[in-house]
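S.K.: The structure is given below, and queries will be raised subsequently.
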Amino acid sequence: MTSRFGYALAAFRPIFAAAVLAIGPAVRAEDAPPAPTIPPPPPALTQQQKDALAVLDKGFTRFDSLLAKDDDARHHADEKAIIDDLKKRVAALRAAFDQSKCDDLKTELILDYQRLAAWMAKPLNPPDPAKSGG
């Protein structure tokens, strides 16, 4: 036995179907997430850009060789973290070269190298004999 409510639903079923077809699917094309795009390959570097990156690479080599001589473990770890951050920035620079960023990195590398060299240099003044008890 069918109730009145069942007959009412049966009567409205074609209207609901027409409404759904008129509205369309629940997810419209403009609401769908964009298809993943493949990024274009980085542009080829000019010779001048390659030379600028080579200067940075030589600076990193010098810095690493000086850092290897640092015997203070805490200072060594701090400097290693700084140089690793600079290397990450150079890797990003290789993907999208910007001359101003390259110049900034070169300046930071030089300053960090000078700080490390000053830290590792022997003191300029001899120890005070009065304080050493001698």
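S.K.: Under a plain spin-label model, where a point goes 7 Å from the Cα along Cα-to-Cβ, how far apart in nm are A117 and T46?
M.R.: Here the answer is 3.0 nm between the modelled labels.
S.K.: Let me ask another. For a quick check of your reading of the filter: which trypsin sites (Lys or Arg not before Pro) in the range 55-134 sit in a DSSP loop and have no more than 10 other Cβ atoms within 10 Å? Write down the numbers at each step before the final one.
M.R.: Details: sites: K58, R62, K69, R74, K80, K87, K88, R89, R94, K101, K106, R115, K131; in loops: K69.
Within the range 55-134, the qualifying trypsin sites (Lys or Arg not before Pro) (loop, at most 10 other Cβ atoms within 10 Å) are K69.
No lab work stands behind these numbers, since they all come straight from the coordinates. Only a predicted model underlies this, so the values are computations on that prediction, with no experimental measurement involved. Neighbour counts are summed over all protein chains in view; Cβ atoms, including those assigned to glycine, are modelled from backbone coordinates with ideal geometry.
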